[in-house]
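Data block below; observations after.
The values are calculated or read from the model by the stated rules, or taken from the named source; none is laboratory data. Just so you know, these numbers come straight off a predicted model, no measurement behind them. Positions of Cβ are backbone-derived with ideal geometry, glycine not excepted, and every protein chain shown enters the neighbour counts.
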Amino acid sequence: MGDVRLRRVKQLSHQRGTESTGADQSALRDRLAALRGPGRQPRPLDSRALTALAANPGCSRRALLDSAGVDKAALAEVLGAPANFGQSQFAFARGHAFEAGATRDGGAELVRLLCAHTGQAPPDPQLLECPDLTAEGPEGRIERTREALALAQARGQTGAEGGPGGWSVLLHPMVRLTVAGAPVCLEPDALVVDGDGGVTIVEIKSFPILDGSAAPTKVGAATRQAAVYGLALEAMEVRAAESVLLVCPKDFSNLPTAALVDMRKQLAAVRRQLRRLTRVEELTAALPAGTSFDLDLPPDRLAGAVDSVPAAYAPECLAGCDLAFHCRSQARTGNDPAVLGRGTRAELGALTTVKAALDAAHSDPPPPEPSDPTHPAGPSDPPDPAVLALRRAARLRAEVLGGDGAAGADGAGPAGGGPCR
Amino acid sequence: MPLMHSLARMEAMAAGRAQPLTTVLHRHLSRQPLVLVPLTTAGEVGAPLGAMLGTDRDHPLLLTVPQPKDRDLRFTFLSDLAEALLPHLESALEETEQVREDAEVCTDAPQLLVPNAPGAEFVRLLGRSMRFRRTAEEDPQTPYPSPARVPLLGRWLTHYGERARVPGSSLLLSMTEVLTRHWATGQSSLEDQHLGALLAWLRAGPEGGGDTAALEVETARDEHGQLRTPPSGPSTDPAFDNRVLAPAVDRYDADLPGSAERVHQLLGGQLRPVWDAMWESVDLLRRLPEGERIASRWESDRWSYTAHRDRLRAGEPPQPRRDDAVTAARKLSVRERDQARLQAQEALDDPLVMAERRLAGEAFVAEVTDSWMTYSQGRRPMPRPVLALSTEDTPQWAPGARAYRVLPSGAAQPAEFLAPEDEPADGSADESAGAPGAPGELRLRLTGGMGRAKEPAPGSVPEVGDRVCWTLFEHAPRGGPSLPEPEDTPWTHGGPPQSGTPLPEPRTAERHGTGGQSGEAGRTGGTGPPGVTDPVAHSTLPDPVTAEDLL
């Protein structure tokens, strides 16, 4: 169970850029705006949402709704299946206070932590710059980031008078990545440009590094998030270091400590998964005419629209997707074995519903084939190994529990158990 | 998830109620366990919010922190927690039994029950946050001295938290893990982490309805947007934090009268339903008959408890922040051995678990269709009876592979599979017994467990017509080869600890009781100051503190 409450720490409040980069792009943007409903602001994707999406690349529903910027939380509310998570203000306050502490003095602390890990000599504080990145709108911020980054790299490569290059820390830059055909604005915590022009992504998290180790799931999520930033920088033709500097509180204190985490694997994985995401154009093209996710529509029409896009529900969705409860109840109604976990669904192979699997488990084996030397395997298809295994499992269970082992058999409840030997 | 469990979950889904995965209880449940339901502050590490604890279901003790950022209030909480927990943890120190001349083991060990795996992890974390603290008495110079007994509680909780990682151990149990070991619900294992939802499936009767009840528990909210069934902790529901707790804490900060009591009452409201669910779970588990081999695993727990007692009595320093290479390797090897032992013992205790192994081809039930005597070739021929068996199971065997069965005495009897061509020399096999090599027809040669005489001891050879369960796994798996002493740590693992100070005597090195070992005891308390690479990791100095240690 990941820390569901930490998701979406930073939600960008700005609209996605309106700059047109081509007629197709603009047509797609219009189509997505229409899906969202007239006059609605798109809900921006952040890198957390992206990594969650990349973790379930088969989910068209999520890909489409996220790309269209539909407010899934509100949508789930209308559908009567609101998600169970939010963020505690205690965690929020702690996260912000820690980040503010770690980035104080123009990022000098971040540079110190980075140097302690890379073995570089920390720069003279005079040579450390922290450019102002504020600008109007996301497009402006992206442009500003691009300039500042180019300048910082140039500063790094050409040290003043042949001396050591200057260092720069970019706090809250903004970068852009095209996901499934739609542009997404992302805001890394910080970028450090060192005296050689090298760029390191910094990810600041409020979970602790306790005695030199941190919760692996949280480190994994943070690294995947950083990998998304790395891809965005690549799109800007900036090659960032292959390790992210993860800055966390040390033990039980509020002192920052850091670790360099190799993210090559995550870079490859996120790149592959994002590429696999069905392109939004194809998803929109497959929609019935007149589909809309406008939150003002009556719930049944909205539900119909949502259900017209196939989902790939798995229990892991509960930790990260606002629509998870809706998809879960749908999967339960549809008797989808995925509600028990991805592994169960995989195990059952061609048996795609729980009912089919149970019927197979409690079916009688076919009568032995009459021995016919010309058809040693019998005339029918070779039996499904999943069916054979289920049938054996059901027989063994019944042998021990008594009864027919069928669902709901008496004595199968918690109080029972039946004679066992 | 094994196919058998998937099947049970699907049956639970169809029936709307939980289905059994076992027929007996597989974890030790003390007569008087202490239930501990902790709560933590979201986003803060080691900042407890409150806890409900006790051994009497009608009289829980509620401890709360009205403002979790206040160090003094936290210390008061920890001090109260120590006063409440230590008497329980120390309750079994004195009563011992003499196992050997030089070894005694406590006859019982106190048990802690927490709601779920994150709860058990929080116990570890609490232990870690407390064990390096120093009291003013120990060190007058220490900034922010901790109340007496808090560091001691830290060491106990660390020990319990660490022990909980040993497969099959029962000193510290997480309730959802124990329940899901014994029953399958119609939801995923992620959803099973919610004790309330899990119990909804277990409560459902033959008419079903567990699915809707579980959904109700998970999602139903009152008119103030608060969950009707609070989560099982240690995290609180964000809606509770934001709309209920935060305003109450603000009132406390504003020094309003009665505000501390209000926080106390609010947290009690979150904890009480989980507390009741814990005891309901205990009742459910008590209805199961105990597995036969629980006692031997509990003995390992008692050894572990005794070893910790001895370390405390010997005045050893607190458990280090990080284990040295040899201790870590020892712990790992003990856990691997205990995992194998647990799996073997659960299967032997429980035909339903054995059925899983039979499905996997790791065990089989077979009827003896014929048997004849052969003798070993040695100077003193020993009986080596051969059994012809017929089974419907599909064991994954190869000629020469070992099989074991349980003798009436409880010991394991070894046997080996014979290749189909290993026909008896005298041809005495009854042709009607089925040709060896045909599916389901097997030959086994018993290789032991028949006494030392020329004739097998009575009852040590199955008769024709007997149905016997054989396993392809050992009944008492042993660990791997022994590991070097810390002084002999190989260079690949950082070499010996480079310390001028001699290592303290390993007073609590592994002890081998009858059937039970001192668990992961090893020498967790044994490393001197500077470790291999990171001196801080192995020191037992207090954590550095800042004036404002939480934000």
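Annotation: residue B:208 fulfils all but one of (1) within 8 Å of chain A (Cβ to nearest Cβ); (2) in a helix (DSSP H, G or I); (3) more than 20 Å from residue B:37 (Cα to Cα); the unmet one is (2).
Sub-8 Å Cβ pairs linking a first residue in region B:314-338 that is more than 14 Å from every other protein chain (Cβ to nearest Cβ) to a second residue that is at pLDDT 90 or above and not in a helix (DSSP H, G or I), at least 6 apart or interchain, are B:334/B:166; B:335/B:165; B:335/B:166; B:335/B:167; B:338/B:166; B:338/B:167; B:338/B:168; B:338/B:169, ordered by first then second residue. Of the numbered criteria (1) surrounded by fewer than 20 Cβ atoms within 10 Å (Cβ to Cβ); (2) touching an Asp or Glu at 6+ places or on another chain (Cβ under 7 Å); (3) outside any loop (DSSP other than H, G, I, E, B), the one residue B:105 fails is (1).
Criterion applied to B:202, B:198, B:173, B:215 was being of a type outside the set (D, E, K, R) and part of a strand (DSSP E or B), and the one residue passing it is B:173. The residue list A:324, A:357, A:311, A:258 contains one member that is crowded, with 21+ Cβ neighbours inside 10 Å and touching a Lys or Arg at 6+ places or on another chain (Cβ under 6 Å), which is A:311. Testing residue B:3 on (1) more than 30 Å from residue B:207 (Cβ to Cβ); (2) surrounded by fewer than 24 Cβ atoms within 10 Å (Cβ to Cβ), one condition comes back false. Which one is that? Among (1) more than 30 Å from residue B:207 (Cβ to Cβ); (2) surrounded by fewer than 24 Cβ atoms within 10 Å (Cβ to Cβ), the lone unmet condition for residue B:3 is (1).
Looking at B:542, B:502, B:506, B:530, which one is touching a Lys or Arg at 6+ places or on another chain (Cβ under 7 Å), modelled with pLDDT under 60 and outside the structural domain of residue B:386 (by TED's automatic domain parsing)? Result of the check over B:542, B:502, B:506, B:530: B:506. Considering (1) under 30 Å from residue B:444 (Cβ atoms); (2) surrounded by fewer than 23 Cβ atoms within 10 Å (Cβ to Cβ), the lone condition that residue B:328 does not fulfil carries the number (1). Considered as a group, the residues in region A:297-346 that are acidic (Asp, Glu) and more than 8 Å from chain B (Cβ to nearest Cβ) include one that is nearest to residue A:386 (Cα to Cα), and that residue is A:336.
Conditions (1) aliphatic (A, V, I, L, M); (2) in contact (Cβ under 8 Å) with a residue 60 or more places away in the chain; (3) at the interface with chain A (Cβ under 9 Å from one of its Cβ atoms), marked per residue:
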site: B:134; (1), (2), (3): no, yes, no
site: B:144; (1), (2), (3): no, yes, no
site: B:147; (1), (2), (3): no, yes, no
site: B:152; (1), (2), (3): yes, yes, no
site: B:164; (1), (2), (3): yes, no, no
site: B:173; (1), (2), (3): yes, yes, no
site: B:183; (1), (2), (3): no, yes, yes
site: B:200; (1), (2), (3): yes, no, no
site: B:222; (1), (2), (3): no, no, no
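What do you reckon, is residue B:67 away from every other protein chain (no Cβ under 14 Å) and polar (S, T, N, Q)? For residue B:67, the condition - away from every other protein chain (no Cβ under 14 Å) and polar (S, T, N, Q) - is not met. In region A:82-100, which residue that is more than 8 Å from chain B (Cβ to nearest Cβ) and of a type in the set (A, V, I, L, M) is farthest from residue B:69 (Cα to Cα)? By that ranking, first place goes to A:83.
Matching residues to (1) touching a residue at least 12 places away in the same chain (Cβ under 8 Å); (2) outside any helix (DSSP H, G or I); (3) within 20 Å of residue A:111 (Cβ to Cβ); (4) not assigned by TED's automatic domain parsing to the domain that holds residue A:118:
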residue	(1), (2), (3), (4)
A:143	no, no, no, no
A:146	yes, no, no, no
A:151	yes, no, yes, no
A:156	yes, no, yes, no
A:165	yes, yes, yes, no
A:168	yes, yes, yes, no
A:203	yes, yes, yes, no
A:207	yes, yes, no, no
A:229	yes, no, yes, no
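For region B:1-12, enumerate the residues that are more than 7 Å from chain A (Cβ to nearest Cβ) and either assigned to a strand (DSSP E or B) or in contact with a Ser or Thr (Cβ under 8 Å, 6 or more places away or on another chain) (or both). Listed by number, the list holds a single entry, B:12.
Yes or no, residue by residue, for (1) touching a residue at least 60 places away in the same chain (Cβ under 8 Å); (2) in contact with a Gly (Cβ under 7 Å, 6 or more places away or on another chain); (3) outside the structural domain of residue A:249 (by TED's automatic domain parsing):
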{"site": "A:57", "(1), (2), (3)": "yes, no, yes"}
{"site": "A:60", "(1), (2), (3)": "yes, no, yes"}
{"site": "A:83", "(1), (2), (3)": "yes, no, yes"}
{"site": "A:93", "(1), (2), (3)": "no, no, no"}
{"site": "A:98", "(1), (2), (3)": "yes, no, no"}
{"site": "A:103", "(1), (2), (3)": "yes, no, no"}
{"site": "A:106", "(1), (2), (3)": "yes, no, no"}
{"site": "A:109", "(1), (2), (3)": "yes, no, no"}
{"site": "A:117", "(1), (2), (3)": "yes, no, no"}
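One residue stands out among those in region B:130-153 that are assigned to a helix (DSSP H, G or I) and out of contact with any strand residue (DSSP E or B) (no Cβ under 9 Å at 6 or more places or on another chain): the one that is surrounded by the fewest Cβ atoms within 10 Å (Cβ to Cβ), which is B:152. A count restricted to region B:244-261 and to residues that are within 37 Å of the chain's Cα centre (by Cα) and over 15 Å from residue B:73 (Cβ atoms) stands at 2.
Scanning region B:458-481 for residues that are outside any strand (DSSP E or B) and closer than 14 Å to residue B:389 by Cα turns up B:461, B:462, B:463, B:464, B:465, B:466. Of the residues B:54, B:43, which single one is assigned by TED's automatic domain parsing to the domain that holds residue B:178, on the phi > 0 side of the Ramachandran plot and within 23 Å of the chain's Cα centre (by Cα)? Step by step, each of B:54, B:43 is checked, and only B:54 is assigned by TED's automatic domain parsing to the domain that holds residue B:178, on the phi > 0 side of the Ramachandran plot and within 23 Å of the chain's Cα centre (by Cα). When region A:180-201 is examined, which residues are found to be touching a Lys or Arg at 6+ places or on another chain (Cβ under 7 Å) and among the acidic types (Asp, Glu)? Passing the criteria: only A:187.
Residue by residue, here is whether (1) among the aromatic types (Phe, Trp, Tyr); (2) surrounded by 22 or more Cβ atoms within 10 Å (Cβ to Cβ); (3) within 14 Å of chain A (Cβ to nearest Cβ); (4) farther than 30 Å from residue B:355 by Cα holds:
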| position | (1), (2), (3), (4) |
| --- | --- |
| B:14 | no, no, yes, no |
| B:17 | no, yes, yes, no |
| B:34 | no, no, no, yes |
| B:51 | no, yes, no, yes |
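For region A:106-129, the condition holds for no residue, the condition being that it is under 30 Å from residue B:48 (Cβ atoms), within 14 Å of chain B (Cβ to nearest Cβ) and part of a helix (DSSP H, G or I). The residues on offer are B:326, B:365, and the sole one that is assigned to a strand (DSSP E or B) and touching a helix residue (DSSP H, G or I) at 6+ places or on another chain (Cβ under 8 Å) is B:365.
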